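Trainee: Take this structure first; my questions come after.
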Amino acid sequence: MFVLYTQMSWLSYMLPSNHRKTLMRNFKEVMFLICKYSLYVTMIAALPLEILIHLATYVEKEDRLNCALVCNQWTEPFLDAYWARIDIDNNTLQKMFNKFSQTIKELAMSNIDMKYYRHIPILQQKYSRIKYFFWGEFLIDDSVKTKLDWSLWETLSHLEIQFYRKELVLETIFEQLSVLTCLVHLEISRAHSSEENFSTYLTDFESLHRHLPRLEYIDIHTFIKPIHEREIEMIRRVEPAHSIRTVIFSSDAIDTLWIFYFAHKYPNLLSFDLAYHAPPRSLIPRSCEDPQYQSRLQILLSLKQFFPCLQITKTITRNNEFWLHRIFHDALQHFNVKIKYPKITYFGETLEENDISDWIKYFSESAIFLHVSSIFAVRAEAKLLVPCHKLTVLYINYTTMLDMENILDNCPVLQSLYICYSYICSPEYPQPTHLPHSLQKLDIKHTKMNSHTFKYISFRCEQLKYMKLEDIRLYHSDSEETGQLLVDMPFSQLKILSTSDITFFFENNFLYAYKCVKHFVIEQLKNVSINRLDQSNQERTPLSNWYHVCIDETNGKERIFAWELGKRDIEFAQRYYKDFRRRSQQDKERNDMEEFGKGYKIKRFWKRDLKDCVLIFRFKSVEDCSIEESSIFKHVHSRLGSGSGSGSE
């Protein structure tokens, strides 16, 4: 072997450089094949160190570790040739040499192997000034408790504990945490477990406040053990925790007696989140006239006060438990508690559970922000809203038909409207009796709309400044004939228009079809005087900007982008739509170009996308336009003016 290598090595130096590399590369391959078989280990081990070091430089980096395993003599030269790399920038350099680690305010530890526990005390000393700590589920055992010296983290203010398939004795944990004099935010949760040995008792809450009296925020996500009625008088005698401002009570079922405890314990509570992440196990539907309903309600009404400072509520009802939320809201109403920021979510399938107007009446006089969600559809003829005279922000995530007239009429001072997963309708023609509205921001996602609804919005909401449309299906019966769908908002003067994932929706003989919009036109009427009540099609000369969404393959990477058409391209497109039926039929027969997701083509085939129709936005004026396509598309953002782009086929 040594003779073979010596001969090849001397021969390589006598050859030109290109042949030398080829020879040594072939020799490297021969050597590596030999290394794979133990029959030659003894012979290979006899090679001198300087030869092994030289050979290691010719072996691919990913193979050097394998070569190092052949025998002990090979370990040093091949591992020495394998360089380990660590990238250091200004931030990591500062963290490594900053004695007090001033830049590190948060730490998270999860799934730590026991063999690394010895590093925990060093880590605590290194990062002694942290504010936030996440304690992962596999760290909750006796071996780690002895490693964590909580007194070293006297600045810790936020702590999150997550456990999984391990016993957690809360009394012990709270006692250890009592040295954290700055702790104000505590989260305790179980990670995807159904074991009932994670239950939290009333005594655990009392222990929590006894050891951590400065807490302001509590998030408890565990199984909650029911409170027995014989404990009511004991609850009345417990000391209130005046510092608590936010409670998130995430359990599998609501209990009236737990609400009774919270109402007494937290008199200064501002935000109460009754979020449930599992269906109730043993709840029976009850009417509000049911004796047990009334008896439970009277328990809450027996309190001297009921969340007098509460402003933010979040409730989630599932199936048969909605009546328990009625008790909670009826008690709020009895004590005249004005909720300003309610968020309500419904999973019920019956009309009684999904009578949204019946629920909103609890907040109609006080709410300034309202978030409404429903998983199941309700009757299309049901009205969504009751008068909300202070409401300025409305989120609707609702699987049913929404009447824009109903929303605007019942929310006269609404400033921002967000709608998801709905079918939006409106009167086809606005009436002179309709009052102007103060709406300024409109954000619509994952919905169906008729194009005339936009004109209604424009008529009612002349102060509209920001409009975002995402994943919208627009319906218009004439677009298949003309190739054009007009979104006419002639009274709107927008600051920002943002669109993404717009599709045309067609219905023909009960068959549905969708076409992804690839050509956009932004028209501005500018200073043209418009009679708001004149519905005639009068001649106008709008300023137009045309855009095409396509695939860009620059630098070998595919991305979706929008480019602006130039004057000659716009003239071609206008001629195309004057003879749309004939031209589109011809283009449908041409399938000689590659198409990407949703039928996007490369830029030079832009003319063939004209057959899929064009979407025209018409405004009185619009300053900035952003045309996007999902999250993979970054986008044309245009200060609108005259077209300047160009394209060819």
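Trainee: Just give me the residues in the range 155-170 being at pLDDT 85 or above and of a type outside the set (A, V, I, L, M), in sequence order.
Mentor: Here is the first cut: in the range 155-170, the residues at pLDDT 85 or above are 155-161.
If the condition is that a residue be at pLDDT 85 or above and of a type outside the set (A, V, I, L, M), then 155, 157, 158, 160 are the ones that fit.
Trainee: Looking only at residues that are of a type in the set (A, V, I, L, M, F, W, C) and either at pLDDT below 90 or under 18 Å from residue 502 (Cβ atoms) (or both) in the range 562-601, which one is surrounded by the fewest Cβ atoms within 10 Å (Cβ to Cβ)? Break it down into steps so the answer makes sense when it comes.
Mentor: Within the range 562-601, the subset of a type in the set (A, V, I, L, M, F, W, C) is 562-563, 565, 570, 572-573, 580, 593, 596.
Subset that is either at pLDDT below 90 or under 18 Å from residue 502 (Cβ atoms) (or both): 562-563, 565, 573, 580, 593, 596.
Numbers: 562: 25, 563: 19, 565: 23, 573: 20, 580: 19, 593: 11, 596: 13.
Selected residue: 593.
Trainee: For the range 202-261, name all the residues that are polar (S, T, N, Q) and surrounded by fewer than 17 Cβ atoms within 10 Å (Cβ to Cβ). Explain how you work it out, then say what you get.
Mentor: Step one: filter the range 202-261 for residues polar (S, T, N, Q), giving 203, 207, 222, 243, 246, 250-251, 256.
Hits for the range 202-261 are 203, 243.
Trainee: Okay, moving on. Please verify whether the range 473-493 includes one or more residues that are assigned to a strand (DSSP E or B), closer than 16 Å to residue 418 by Cβ and either of a type outside the set (Asp, Glu) or in contact (Cβ under 8 Å) with a residue 60 or more places away in the chain (or both). If you could, list the steps in order and put the result at the bottom.
Mentor: Residues of the range 473-493 assigned to a strand (DSSP E or B): 473-475, 484-493.
Still in the running and closer than 16 Å to residue 418 by Cβ: none.
The answer is no, given that none of the residues of the range 473-493 is assigned to a strand (DSSP E or B), closer than 16 Å to residue 418 by Cβ and either of a type outside the set (Asp, Glu) or in contact (Cβ under 8 Å) with a residue 60 or more places away in the chain (or both).
Trainee: Output the residues belonging to the range 365-391 that are over 22 Å from residue 332 (Cα atoms) and either modelled with pLDDT of 80 or more or of a type in the set (D, E, K, R) (or both).
Mentor: Matches in the range 365-391: 379, 381, 383.
Trainee: Does any residue of the range 620-633 turn out to be small (Gly, Ala, Ser), modelled with pLDDT under 80 and touching a strand residue (DSSP E or B) at 6+ places or on another chain (Cβ under 7 Å)? Give the steps one after another, and end with the answer.
Mentor: Let us first name the residues in the range 620-633 that are small (Gly, Ala, Ser), namely 621, 626, 630-631.
From what is left, the residues that are modelled with pLDDT under 80 are 630-631.
Next, only the ones that are touching a strand residue (DSSP E or B) at 6+ places or on another chain (Cβ under 7 Å) stay: 630.
Yes, some residue in the range 620-633 is small (Gly, Ala, Ser), modelled with pLDDT under 80 and touching a strand residue (DSSP E or B) at 6+ places or on another chain (Cβ under 7 Å).
Trainee: So if I check each of 481, 405, which one is out of contact with any helix residue (DSSP H, G or I) (no Cβ under 6 Å at 6 or more places or on another chain) and modelled with pLDDT under 90? Don't jump to the end; show me each part of the working.
Mentor: Working: 405 fails: modelled with pLDDT under 90.
Being out of contact with any helix residue (DSSP H, G or I) (no Cβ under 6 Å at 6 or more places or on another chain) and modelled with pLDDT under 90 holds for just one of 481, 405, which is 481.
Trainee: Can you tell me which residue is surrounded by the fewest Cβ atoms within 10 Å (Cβ to Cβ) among those in the range 308-341 that are at pLDDT below 90, in a helix (DSSP H, G or I) and not aliphatic (A, V, I, L, M)?
Mentor: 319
Trainee: Still on this model: Being touching a Leu at 6+ places or on another chain (Cβ under 6 Å) and either modelled with pLDDT of 75 or more or crowded, with 16+ Cβ neighbours inside 10 Å (or both) is the requirement here; does residue 68 meet it? Let's see the steps before the verdict.
Mentor: Values: touching a Leu at 6+ places or on another chain (Cβ under 6 Å): yes; either modelled with pLDDT of 75 or more or crowded, with 16+ Cβ neighbours inside 10 Å (or both): yes.
Judged against the criteria, residue 68 is a match.
Trainee: Report, by residue number, each residue of the range 408-467 that is over 19 Å from residue 623 (Cβ atoms) and in a helix (DSSP H, G or I).
Mentor: 408, 409, 410, 452, 453, 455, 456, 459, 460
Trainee: Can you tell me which residues in the range 427-444 are touching a helix residue (DSSP H, G or I) at 6+ places or on another chain (Cβ under 9 Å) and under 23 Å from residue 390 (Cα atoms)?
Mentor: Correct list: 434, 435, 436, 437, 439, 442.
Trainee: Counting just the residues of the range 500-556 that are at pLDDT 85 or above and charged (D, E, K, R), which one comes out farthest from residue 449 (Cα to Cα)?
Mentor: Per the criteria, the residue is 523.
The values are calculated or read from the model by the stated rules, or taken from the named source; none is laboratory data. Note that the structure is predicted; figures quoted are calculated from it, not measured. With ideal geometry, Cβ positions are generated from the backbone for all residues, glycine too; neighbour counts draw on all protein chains shown.
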